[in-house]
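Here is the structure we will look at, set down as structure tokens.
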């Protein structure tokens, strides 16, 4: 079974193209509360998606599921969740939660009208994971490696993949029979940490979903994407790689895991050296 791919866009035409390329989930991102301040020193994407985009994208797709990330729990959460569900969201995602009580409120607000997706991306949520996993009504959990590395004060976004944190979390989630995924992935053949190595880690850990990075659009507009069939070709490269991974043996995954650790450690060394030079100048 292939991994569910998630494509972030609020453009109805690109959403249709993504669906046509075989992408299972179109991701509308409404989160803005606290995000700019939290990620001000990082090269992170801050979404400009609006509530009206949910219904617009909903009308553009028929096969792909519509996932909407709302804001962290706040006094307006119930109203926001009601609106996105009434606008056609199949899956609603809660970001930046820390406690089981926040997750419980979210599950109650969704009230079985859509799938519940928890975005686990804070150190506190990891600390409270056992209590969170005891809740009923969780359909899936996605590990947000970017904010997780910020809140854990790690050096590199994929450090939690190399230091055992993702393994620890995955084992606990898998033991509950809850679907999980983690992070994002770039195009095959690219990436500071090669995308092929990351995809193999998804298969080793039993991941069911991943977010496609911005490299799957780049500076291409709708016309260029539509005429070139480029996006579909890139998705086919992922599916080809998955067919290869399905045949891997345990020792091949273990070898890849060791390569990931070595590569991440090397990247961290480079980052630390750059930071040291920056501080000295």
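The values are calculated or read from the model by the stated rules, or taken from the named source; none is laboratory data. Keep in mind the model is a prediction, meaning the values are calculated, not measured. Glycine also receives a Cβ, built like all others from the backbone with ideal geometry; neighbour counts cover every protein chain displayed.
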Check your understanding: What about residue 67, is it buried (at least 24 other Cβ atoms within 10 Å of the Cβ), in contact with a helix residue (DSSP H, G or I) (Cβ under 6 Å, 6 or more places away or on another chain) and either modelled with pLDDT of 95 or more or more than 24 Å from residue 24 (Cβ to Cβ) (or both)?
Key -> no
**Study point:** Restricting the range 80-97 to residues that are more than 18 Å from residue 183 (Cα to Cα) and within 18 Å of the chain's Cα centre (by Cα), the residue that is surrounded by the fewest Cβ atoms within 10 Å (Cβ to Cβ)
**Key:** 90
Exercise for review: Report yes if some residue within the range 249-266 is within 17 Å of the chain's Cα centre (by Cα) and buried (at least 17 other Cβ atoms within 10 Å of the Cβ); otherwise report no.
Suggested key: no
Practice item. Mind listing whichever residues of the range 193-219 are surrounded by 15 or more Cβ atoms within 10 Å (Cβ to Cβ) and assigned to a loop (DSSP other than H, G, I, E, B)? Key: 193, 194, 207, 208, 213, 217
Exercise for review: Might you let me know whether the range 221-230 holds any residue that is surrounded by fewer than 20 Cβ atoms within 10 Å (Cβ to Cβ) and under 18 Å from residue 160 (Cα atoms)?
Suggested key: no
Point to revise | Scope the range 185-203; condition touching a residue at least 24 places away in the same chain (Cβ under 8 Å) and out of contact with any helix residue (DSSP H, G or I) (no Cβ under 8 Å at 6 or more places or on another chain); matching residues | key: 202
Exercise for review: Inspect all residues belonging to the range 123-139 and state whether any of them is touching a helix residue (DSSP H, G or I) at 6+ places or on another chain (Cβ under 8 Å) and closer than 28 Å to residue 216 by Cα.
Suggested key: no
Exercise for review: Kindly indicate whether residue 77 is modelled with pLDDT of 95 or more, farther than 22 Å from residue 212 by Cα and in contact with a strand residue (DSSP E or B) (Cβ under 9 Å, 6 or more places away or on another chain).
Suggested key: yes
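Against the condition free of Cβ contacts under 8 Å to residues at least 60 places away in the same chain, closer than 26 Å to residue 174 by Cβ and not in a strand (DSSP E or B), how does residue 102 come out, does it pass?
Values: free of Cβ contacts under 8 Å to residues at least 60 places away in the same chain: yes; closer than 26 Å to residue 174 by Cβ: yes; not in a strand (DSSP E or B): yes.
Taking the combined requirement at face value, the residue satisfies it.
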Review point. Can you tell me which residue in the range 12-35 is nearest to residue 85 (Cα to Cα), limited to those that are part of a loop (DSSP other than H, G, I, E, B), out of contact with any helix residue (DSSP H, G or I) (no Cβ under 6 Å at 6 or more places or on another chain) and at pLDDT 95 or above?
Key: 30
